[in-house]
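Chemist: Quick one: structure below, then a few questions.
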Protein chains: 2
Amino acid sequence: RLCLCSVVHFIRDGRRRSGARKVIHSIKVGIALILVSLIYLIDPLYKQFGENAMWAVMTIVVIFDFFAGATLSKGINRGIGTILGGLLGCLVSIVGQRVDGVGKSVVVCISILIFSAAATYSRSIPRFKKKYDYGAMIFILTFSLVVVSDLREEHVIDLARERLVTVGIGFAVCIFTSLFIFPIWASDELHDSVTSKFEDVASSLEGCLEEYFSTGGHDKKKGSNGCNKCKTVLNSKTKDEMLANFARWEPCHGKFGFSYPWNRYLQIGENLRDLAATVTSLRNCLQSHRQPPKESREPIREPSLAVMATLVWTLRELRGSVRKMRRFQAEVEVLPKLMAVRVELTLFNTQTTLGRPLEKD
Amino acid sequence: RLCLCSVVHFIRDGRRRSGARKVIHSIKVGIALILVSLIYLIDPLYKQFGENAMWAVMTIVVIFDFFAGATLSKGINRGIGTILGGLLGCLVSIVGQRVDGVGKSVVVCISILIFSAAATYSRSIPRFKKKYDYGAMIFILTFSLVVVSDLREEHVIDLARERLVTVGIGFAVCIFTSLFIFPIWASDELHDSVTSKFEDVASSLEGCLEEYFSTGGHDKKKGSNGCNKCKTVLNSKTKDEMLANFARWEPCHGKFGFSYPWNRYLQIGENLRDLAATVTSLRNCLQSHRQPPKESREPIREPSLAVMATLVWTLRELRGSVRKMRRFQAEVEVLPKLMAVRVELTLFNTQTTLGRPLEKD
């Protein structure tokens with residue numbers, strides 16, 4: 001009961017913390033925007049950049065994300081996209097200057113068609129899209145703007161340089177606010193998400209067996225709650241992959257060092273999803289109409305609950321080990337218990353012929 | 001065999017079609033960009049909009065998405081965000097004009113902090129985020145730009161109006177290219193994705209039982225292929241929800257009428273994921289080391305394969321019915337067969353005591 005209480009407390013605490021984090025993030029965005037507005041407010045700065053200061057505001061709004069890693073990844077993508085697009089745009093402009101009149105327009109149109117189509121195509125390749133989607137978009141944007149502006153403006157190089165500088169200012173402000181004021185790390189979120197999956201699967205397993213052997217009907221609600229938890233685990237792949245993708249961009253911090261094995265989290269998640277699939281179908285099986293009536297379940301009650309308790313205990317031990325990042329002594333701590341349960345189960349099976357339909361042939 | 005051939009052909013055809021669609025999308029983006037570049041190329045247009053023409057280019061790059069529904073949803077979000085942000089920005093400017101000197105800057109900073117933080121917070125509410133995330137971002141962007149520009153420019157209303165017009169031009173070009181030149185509908189994709197899930201689960205079930213009863217080892221590869229298919233189905237929730245979200249924005253077209261029940265696809269997907277979870281754990285169970293040796297599986301081979309064949313046939317019938325959008329006569333077509341299989345299975349169970357461990361007590 002003490003354990004359950006602490007779990008409930010942990011979840012409630014987690015919810016409050018998640019709400020607080022949202023508020024902190026919102027205020028951080030506001031602060032970052034005020035910081036770049038200083039370009040407009042301080043005369044010498046405005047004289048230098050003029051209208052181009054708008055690019056700093058735009059950079060903040062577009063790249064400031066909830067997680068520090070996401071902000072960094074978008075920021076670096078935006079930087080690289082802007083530089084590549086700008087350089088290629090200048091190159092096309094130089095080529096265009098050798099052609100006169102309508103020829104120049106034709107060069108511009110053809111180059112826009114070719115490069116934007118190529119970059120758009122690259123955005124539809126899953127592996128590229130996962131990491132560089134935003135960079136490719138900014139590449140198309142910068143390239144098109146530089147090339148078409150060149151048709152009208154004389155000093156396109158200056159324009160490109162000033163925009164790059166203001167994008168850089170926006171990026172710097174973003175990184176400062178995101179990384180140094182109450183940073184919200186995708187790494188922490190991934191770590192918590194994976195550890196809580198252990199608990200979700202464990203409590204779901206617990207709930208479904210307790211419901212099966214309960215005599216009253218009052219555990220029904222808890223059971224369906226466990227079912228939802230299992231569904232959450234089953235559907236967590238996309239979120240985990242996204243978080244791991246962001247976590248890779250984040251600098252060393254707290255307990256996460258350099259070249260931290262983020263892939264391991266994804267592997268653990270994959271295994272837990274397999275387990276959740278098994279628990280889901282166990283639940284479906286136990287809820288089937290073909291199950292024997294409540295009274296005749298009594299003989300298998302005790303051994304089943306004992307097996308369940310060991311499995312749940314194992315999952316919680318594993319969760320503790322992942323959460324505290326300490327090596328798990330499987331041989332010492334868990335394997336003997338699991339072996340004992342297995343032997344017990346085999347004995348029980350032989351006695352009752354459970355799962356041995358071929359004995360008779 | 002003929003059926004398998006047509007499935008393989010269908011998949012290959014699908015892949016080629018998906019590649020072609022990517023190329024078409026890329027070229028469409030190029031064409032849309034050339035169309036808005038005309039603002040720079042044609043003198044009267046450029047005289048009217050000048051530098052603001054850049055907002056049309058930006059709109060194209062940012063809102064043109066693979067699916068028509070996504071483009072529409074982003075475009076409408078951008079429009080509403082721009083209008084709301086612009087209006088609120090003008091309102092704050094009017095208030096600001098009554099204050100002099102430093103007071104004005106303070107009003108601007110406080111208004112940026114409050115409104116951007118509020119809009120950012122709303123972006124972290126899942127239900128709002130799902131539909132209006134992009135609109136909220138554009139709201140922050142427009143609001144900030146209007147408010148800070150007001151510190152420096154005299155004719156901020158003109159600026160806002162011209163930008164709105166160019167965003168409108170960009171939007172119109174996007175919609176034209178996206179909806180009228182080889183449109184790529186999210187609705188079609190969702191429809192295909194759900195129907196192909198039936199086939200994935202069916203072939204996975206087939207593969208896992210065929211592998212179990214196979215005498216040689218050559219079916220191993222097919223089995224693991226089926227396992228991947230099941231995983232794909234299990235992890236399809238996010239993609240399906242995204243497609244349904246886009247599909248809701250798409251106008252009537254082809255077989256999809258007004259207020260088409262997109263939620264049904266999500267429900268079917270949910271059920272198929274449950275089924276895929278069961279197939280996955282059946283597979284895990286059949287691959288267990290505790291299974292009897294290959295030779296002693298022979299007695300249950302025939303009835304098991306017969307049950308499997310009926311289930312697979314049912315799934316394929318359902319797929320055909322969903323694909324062709326015709327009412328499924330469950331009572332006539334499938335239920336009798338399933339009932340017969342159930343009776344057969346019960347009989348077989350009684351003979352072999354499979355799954356009746358409590359008989360002895």
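Read the figures in this text as sums done on the coordinates, not as results from a lab. Keep in mind the model is a prediction, meaning the values are calculated, not measured. Ideal geometry is used to build each Cβ from the backbone, glycine not excepted, and the neighbour counts take in all protein chains shown.
Chemist: Springs between alpha-carbon pairs under 10 angstrom, Gaussian network model over chain A: which of A:Ala172, A:Ala340, A:Ala136 fluctuates most?
Modeler: In the Gaussian network model the winner is A:Ala340.
Chemist: So the label point sits 7 Å from Cα along the Cα-to-Cβ vector; using that for B:Ser304, what distances do you get to the other copies, in nanometres, sorted shortest first?
Modeler: Reported distances to equivalent positions: 2.4 nm.
Chemist: Oh, and also: With the dipole of the protein assembly as shown worked out from charges on the C-beta (+1 for Lys and Arg, -1 for Asp and Glu) around the Cα centre, which of B:Met308, B:Gln267, A:Gly207 lies farthest toward the positive end?
Modeler: B:Met308
Chemist: Got a sec? How would A:Leu190, B:Leu338 order by Cβ neighbour count within 10 Å, fewest to most?
Modeler: Result, fewest neighbours first: B:Leu338, A:Leu190.
Chemist: Considering the options B:Met54, B:Thr120, B:Thr280, tell which one lies farthest towards the positive end of the dipole of chain B, charges being +1 on Lys and Arg and -1 on Asp and Glu at the Cβ, about the Cα centre.
Modeler: B:Thr280
Chemist: Still on this structure, please answer the following. If r is the Cβ-Cβ distance from A:Lys324 to B:Met325 and R0 is 56 Å, what FRET efficiency results, to the nearest 0.05?
Modeler: About 0.55, to the nearest 0.05.
Chemist: Once you have a ≥ b ≥ c as the square roots of the Cα gyration tensor eigenvalues for the protein assembly as shown, tell me rounded if a/c is under 1.5, and otherwise prolate or oblate according to whether a/b is larger than b/c.
Modeler: Verdict is prolate for the protein assembly as shown.
Chemist: Take chain B, connect every pair of alpha-carbon atoms lying under 10 Å apart with a spring to form a Gaussian network, then pick out the residue of B:Thr82, B:Thr346, B:Thr166 with the largest mean-square fluctuation.
Modeler: So, out of B:Thr82, B:Thr346, B:Thr166, the one fluctuating most is B:Thr346.
Chemist: Could you check the simple spin-label distance between B:Glu333 and B:Asn284, using points 7 Å along Cα→Cβ, in nm with one decimal?
Modeler: 3.4 nm
Chemist: Right, something else. If you put a point 7 Å past Cα along the Cβ direction, how far is that point for A:Glu270 from the same point in each other copy, in nm, smallest first?
Modeler: 2.9
Chemist: Is it possible to state the helix-based mean residue ellipticity at 222 nm for the protein assembly as shown, with each DSSP H run of 4+ residues giving -39500 (n - 2.57), the sum divided by total residues, to the nearest 500 deg cm²/dmol? What is it?
Modeler: -28000 deg cm²/dmol
Chemist: Now for a separate question. How big is the charge dipole of chain A about its Cα centre, in debye rounded to the nearest 20, if each Lys and Arg gets +1 on its Cβ and each Asp and Glu gets -1 on its Cβ?
Modeler: Computed charge dipole of chain A: roughly 620 debye.
Chemist: Specify the angular offset, from 0 to 90 degrees and rounded to the nearest 10, of the alpha carbon long axis of helix A:220-234 from the longest principal axis of the alpha carbons in chain A.
Modeler: 40 degrees
Chemist: Exceeding 31 Å between C-alpha atoms, which entries from my cross-link table qualify? They are A:Lys74/B:Lys131; A:Lys130/A:Lys229; A:Lys255/B:Lys22; A:Lys28/B:Lys229; B:Lys22/B:Lys255; B:Lys74/B:Lys197.
Modeler: A:Lys255/B:Lys22; A:Lys28/B:Lys229
Chemist: Tell me whether the stretch B:99-208 comes out rounded, prolate or oblate; compute the Cα gyration tensor, take square roots of the eigenvalues as a ≥ b ≥ c, and use a/c under 1.5 as the rounded threshold.
Modeler: In terms of gyration-tensor shape, oblate.
Chemist: Quick one: Cα centre-to-centre distance for the stretch A:23-54 and the stretch B:262-321, in angstrom?
Modeler: The stretch A:23-54 and the stretch B:262-321 have Cα centres separated by 60 Å.
Chemist: A further question follows. Using r as the Cβ-Cβ distance of B:Glu344 and A:Glu51, and R0 as 60 Å, what FRET efficiency do you calculate, to the nearest 0.05?
Modeler: The value I calculate is 0.15.
Chemist: Using the Cα atoms of the stretch B:224-278, I'd like the radius of gyration and the largest Cα-Cα distance, Dmax, both in angstrom.
Modeler: 13.4, 41
Chemist: Let me ask something else. Using 7 Å Cα-to-Cβ label points, what is the A:Trp313/B:Arg264 separation (nm, one decimal)?
Modeler: Going from the A:Trp313 label point to the B:Arg264 one covers 5.1 nm.
Chemist: A further question on this structure: What percent does the relative contact order of chain B come to when contacts are Cα pairs within less than 8 Å and at least six residues apart?
Modeler: Result for chain B is 19 percent.
Chemist: Taking a ≥ b ≥ c as the square roots of the Cα gyration tensor eigenvalues, with a/c under 1.5 meaning rounded and otherwise prolate when a/b beats b/c, else oblate, which class fits chain B?
Modeler: prolate
Chemist: Please work out the FRET efficiency for the pair A:Lys239 and B:Glu298, using the Cβ-Cβ distance as r and a Förster radius of 45 Å; give the result to the nearest 0.05.
Modeler: 0.50
Chemist: What gaps in nm, shortest first, separate B:Ala118 from its twins in the other copies when you place the label 7 Å past Cα toward the beta carbon?
Modeler: Inter-copy label distances (nm, one decimal, shortest first): 4.7.
Chemist: Give the range of the longest stretch in chain A that excludes all trypsin sites (Lys or Arg not before Pro) found in loop regions by DSSP and having at most 14 other beta-carbon atoms within 10 Å.
Modeler: Result, exposed sites excluded: A:153-254.
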